[in-house]
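Undergrad: This is the structure, below, for whatever I ask next.
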Amino acid sequence: MKICVLGLWHLGTVTAACLASGGHDVTGLDFDEAGVARLSTGQPPLFEPGLEDLVKAGLASGRLRFTTDIAIAVNGADIVWVADDTPVDDDDRGDVEYVVARTARLFPHLTDATLVLTSAQVPVGTTRRLEQLFAAGGSRGRSVQFGYSPENLRLGKAIESFTRPDRVVVGLGSESDRAKVTEALGPFTGHIEWMSVESAEMTKHALNAFLATSVTFINEIAALCEQVGADATEVERGLKSEVRIGPRAYLSPGGAIAGGTLARDVVFLSQLGRTHGVTTHLLSSVKASNDAHRQWAERRLMETLGDVSGRTIAVWGLTYKPGTDTLRRSSAVELCRWLHAHGAVVRAHDPAVTQLPPDLAAWMRLTDAAAAASEGASALVVATPWPDYRLVSAADVVSRMTRRLVLDANRFLAETIGRTPGVEYLSVGKGTR
């Protein structure tokens, strides 16, 4: 099949490279000339395990190319796959107009019988809106269909998520387009959950909102555990061993939701409720609870140190999550900014970050080695659970610190630093009494 993928950040680059690996003829389209130029030499816009090799393999095979030219990209395409990463502001509100405007730029160039399949994270109703915009702008007799398939992107495991999905949800306005989607996804899965466009859009909202609610729920339980002497990881085990919940539930006490992906859909649903006069007590409280939990490390530092001003605080991990090099919407970066604003000296390490953005480099020191970050530190915060940190000598780390205080929200290093004599080891859901 001939497929055009619009949007070449994380979602789009993974989508394009994976589709090409499945034997399709893929053209990646974006309007960022510098980004397209880098991709044309095999350099993805961010780190994702295996992605660079997959892009280079696609380029070498001739099945993958990148361009800024709309006419070239969409000419004769069976499917135009809209895979923009929807921008999110500081309040987790998605910039839907960004996706709509970029997609609309393609309309004059679309050829007859093309399917526009959106995977960008947009609110329910957006696919119908695109269909109406196309019709209003002059379809000139062209038959173009629109559909929606929720993205299943998982940072650090994005290629596996695309090529070996549990299932794929697809909403189409016309059943006649099922054959196209079946052929496109054929190399990866035959398990497709077919539904209406609106149901597919709502499925994405509901899935992320359910996961966000689960994370928020267990973190509220964990906060209570800290006060009454219970251990939230033991409570977690009690919950996951219940057949009505299960071992894969999002019920691990730890850090707050970050990155915007889950929170964005909670906000979409809350906005939808306000628009249609439906009160969403539960959904509307999820974001407020999660926002409060984002301050866990700050709160515990103030409780134990009294004041961070003038103190050196070491931070391990800066990226949004392990397996990527993106700092966008990273809770670790937010913590560092808070520390700096309160007068602390911030020394950080991240195995995937070799250079800080100018606004962070002005006041934060990035060390080459993890242990070096703890030199003279009053506290160490394990912000991103990179596997590399389990290999660092705990004795070396704590011997460099002026106070052996370690905050590890997810208990990632409980078996190493957490077991080191003399260390004050704080984690979400376990009190210090």
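Undergrad: Among (1) open to solvent by less than 50 Å² (accessible area, probe 1.4 Å); (2) within 19 Å of residue 124 (Cβ to Cβ), where does residue 233 come up short?
TA: Only one criterion in (1) open to solvent by less than 50 Å² (accessible area, probe 1.4 Å); (2) within 19 Å of residue 124 (Cβ to Cβ) is unmet by residue 233, namely (2).
Undergrad: Taking the stretch 203-222 on its own, how many of its residues are within 16 Å of residue 292 (Cβ to Cβ) and open to solvent by less than 40 Å² (accessible area, probe 1.4 Å)?
TA: 7
Undergrad: What do you reckon, is residue 256 in a loop (DSSP other than H, G, I, E, B), in contact (Cβ under 8 Å) with a residue 12 or more places away in the chain, within 21 Å of the chain's Cα centre (by Cα) and over 28 Å from residue 337 (Cβ atoms)?
TA: No: the conditions fail for residue 256.
Undergrad: Also, I was wondering about something else. Among the numbered criteria (1) in a helix (DSSP H, G or I); (2) in contact with a strand residue (DSSP E or B) (Cβ under 8 Å, 6 or more places away or on another chain), which one does residue 406 miss?
TA: Condition (1) is where residue 406 drops out.
Undergrad: Oh, and also: Within the stretch 141-156, can you find the residues that are open to solvent by 20 Å² or more (accessible area, probe 1.4 Å) and within 17 Å of residue 83 (Cα to Cα)?
TA: Once the filter is applied, which keeps residues that are open to solvent by 20 Å² or more (accessible area, probe 1.4 Å) and within 17 Å of residue 83 (Cα to Cα), the stretch 141-156 yields 145, 150, 151, 152, 153, 154, 155.
Undergrad: Please identify the pairs in which a residue from the stretch 33-60 that is touching a residue at least 12 places away in the same chain (Cβ under 8 Å) and closer than 13 Å to residue 9 by Cα has its Cβ atom under 7 Å from the Cβ atom of a residue that is open to solvent by 60 Å² or more (accessible area, probe 1.4 Å) and not in a helix (DSSP H, G or I), counting only partners at least 6 apart or on another chain.
TA: Note: pairs meeting the criteria are 45/9.
Undergrad: Sticking with this one: Here is a check on your reading of the model: is residue 15 in a helix (DSSP H, G or I) and either hydroxyl-bearing (Ser, Thr, Tyr) or at pLDDT below 95 (or both)?
TA: So residue 15 fits the description; yes.
Undergrad: List the helices (runs of 4 or more DSSP H) inside the stretch 24-102, counting only whole elements, that have at least 3 residues being touching a Gly at 6+ places or on another chain (Cβ under 8 Å). Full working, then the answer.
TA: Numbers: elements: 33-40, 51-61, 70-74.
Counting at least 3 such residues, we get 51-61.
Undergrad: Next question. Yes or no: the stretch 56-79 includes at least one residue that is of a type in the set (Lys, Arg) and more than 23 Å from residue 159 (Cβ to Cβ).
TA: Checked against the condition, which is being of a type in the set (Lys, Arg) and more than 23 Å from residue 159 (Cβ to Cβ), the stretch 56-79 yields no hits at all.
Undergrad: Kindly indicate whether any position in the stretch 182-205 is within 18 Å of residue 115 (Cβ to Cβ), small (Gly, Ala, Ser) and at pLDDT below 95.
TA: No, the stretch 182-205 contains no residue that is within 18 Å of residue 115 (Cβ to Cβ), small (Gly, Ala, Ser) and at pLDDT below 95.
Undergrad: What's the total number of residues in the stretch 127-140 that are open to solvent by 10 Å² or more (accessible area, probe 1.4 Å) and either touching a strand residue (DSSP E or B) at 6+ places or on another chain (Cβ under 7 Å) or assigned to a loop (DSSP other than H, G, I, E, B) (or both)?
TA: Residues meeting the conditions: 5.
Undergrad: Still on this model: Looking at the stretch 184-197, which of its residues are surrounded by fewer than 15 Cβ atoms within 10 Å (Cβ to Cβ) and touching a residue at least 40 places away in the same chain (Cβ under 8 Å)?
TA: 186, 187
Undergrad: Considering only helices (runs of 4 or more DSSP H) fully contained in the stretch 321-393, which possess at least 2 residues that are open to solvent by less than 50 Å² (accessible area, probe 1.4 Å) and touching a residue at least 40 places away in the same chain (Cβ under 8 Å)?
TA: Counting at least 2 such residues, we get 331-341, 370-373.
Undergrad: Among the numbered conditions (1) touching a Leu at 6+ places or on another chain (Cβ under 6 Å); (2) under 30 Å from residue 235 (Cβ atoms), tell me where residue 180 comes up short.
TA: If we test residue 180 against (1) touching a Leu at 6+ places or on another chain (Cβ under 6 Å); (2) under 30 Å from residue 235 (Cβ atoms), just (2) comes out false.
Undergrad: If you take the residues of the stretch 83-108 that are among the hydroxyl-bearing types (Ser, Thr, Tyr) and over 16 Å from the mean Cα position of the chain (by Cα), which of them is least open to solvent (accessible area, probe 1.4 Å)?
TA: Restricting to residues being among the hydroxyl-bearing types (Ser, Thr, Tyr) and over 16 Å from the mean Cα position of the chain (by Cα), the top hit is 103.
Undergrad: Within the stretch 168-178, how many residues turn out to be modelled with pLDDT of 95 or more and open to solvent by 30 Å² or more (accessible area, probe 1.4 Å)?
TA: Qualifying residue count, the stretch 168-178: 1.
Undergrad: Only one of 308, 278 is open to solvent by 10 Å² or more (accessible area, probe 1.4 Å), outside any helix (DSSP H, G or I), in contact with a Leu (Cβ under 8 Å, 6 or more places away or on another chain) and aliphatic (A, V, I, L, M). Can you tell me which?
TA: Result: 278 is the single residue among 308, 278 that is open to solvent by 10 Å² or more (accessible area, probe 1.4 Å), outside any helix (DSSP H, G or I), in contact with a Leu (Cβ under 8 Å, 6 or more places away or on another chain) and aliphatic (A, V, I, L, M).
Undergrad: Can you name every residue in the stretch 4-32 that is farther than 9 Å from residue 84 by Cα and aromatic (Phe, Trp, Tyr)?
TA: 31 - this is the single residue of the stretch 4-32 that is farther than 9 Å from residue 84 by Cα and aromatic (Phe, Trp, Tyr).
Undergrad: Being touching a strand residue (DSSP E or B) at 6+ places or on another chain (Cβ under 6 Å), among the aliphatic types (A, V, I, L, M) and at pLDDT 90 or above, is that true of even one residue in the stretch 248-263? If you could, list the steps in order and put the result at the bottom.
TA: Within the stretch 248-263, the subset touching a strand residue (DSSP E or B) at 6+ places or on another chain (Cβ under 6 Å) is 260.
From what's left, among the aliphatic types (A, V, I, L, M): none.
No, the conditions are met nowhere in the stretch 248-263.
Undergrad: If I go through the stretch 151-206 residue by residue, how many of them are among the small types (Gly, Ala, Ser), touching a Phe, Trp or Tyr at 6+ places or on another chain (Cβ under 7 Å) and either over 22 Å from residue 2 (Cβ atoms) or in a strand (DSSP E or B) (or both)?
TA: Residues flagged as among the small types (Gly, Ala, Ser), touching a Phe, Trp or Tyr at 6+ places or on another chain (Cβ under 7 Å) and either over 22 Å from residue 2 (Cβ atoms) or in a strand (DSSP E or B) (or both) within the stretch 151-206 amount to 2.
The values are calculated or read from the model by the stated rules, or taken from the named source; none is laboratory data. Please read all numbers here as calculations on a predicted model, not as lab measurements. Positions of Cβ are backbone-derived with ideal geometry, glycine not excepted, and every protein chain shown enters the neighbour counts. Side chains included, ligands, DNA and RNA excluded: accessible areas come from the protein's heavy atoms. Shrake-Rupley method; radii C 1.70, N 1.55, O 1.52, S 1.80 Å.
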